[in-house]
Amino acid sequence: MNVTLTHYLVISAVLFSLGLLALVTRRNAIMMLMGIELILNAANVNFLAFSRYSALDIHGHVVAVFVILLAAAEAAVALAIVLNIYRTFSTVNVDQINQLKE
């Protein structure tokens, strides 16, 4: 059995769907960050698959590395914000944090 572009795209669609589901249904900030990471990983799978099955050569790999670096920076900043919110409100539940508007 040969692995084709369709296989990669199906896996990417499943990852993206799970990430979007986690982002929409969860109210915990940590789970929302994990959903964003799943969405970024789905994008990486797409970049690598199209790089392999088209004439992009290494450009897809370069973009995937850039997305990984972006995800690491996003995770560090977001976790710092979540820790600060936890210190202030003693919760990471997004629905209970409504005093930031004031």
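Quick note: the coordinates plus some simple rules give every number you see, no bench work behind them. Computed from a predicted model, the values in this text were never measured in an experiment. Neighbour counts are summed over all protein chains in view; Cβ atoms, including those assigned to glycine, are modelled from backbone coordinates with ideal geometry.
For region 1-51, the C-alpha radius of gyration divided by 2.2 N^0.38 Å, with N the number of residues, is 1.26. A Gaussian network model of the chain, with springs between Cα atoms under 10 Å, assigns the largest mean-square fluctuation among I68, I85, I58 to I58. The alpha carbon convex hull volume per residue for region 5-101 rounds to 83 Å³.
What FRET efficiency, computed as 1/(1 + (r/R0)^6) with R0 = 30 Å and r the Cβ-Cβ distance, is obtained for V77 and L21, rounded to the nearest 0.05? Working from the Cβ atoms, E equals 0.80.
Of the trypsin sites (Lys or Arg not before Pro) found in the chain, those in coil by DSSP whose Cβ has at most 13 other Cβ atoms within 10 Å are R27. Which net charge results for the neighbourhood of L79, defined as the other residues with beta-carbon distances under 15 angstrom from its beta-carbon, given Lys and Arg at +1 and Asp and Glu at -1? Summing Lys and Arg as +1 and Asp and Glu as -1 gives -1. In the chain, Cα pairs under 8 Å separated by at least six residues give a relative contact order of 26 percent. Summing charges over all other residues whose Cβ lies under 14 Å from the Cβ of V67, with Lys and Arg as +1 and Asp and Glu as -1, gives -2.
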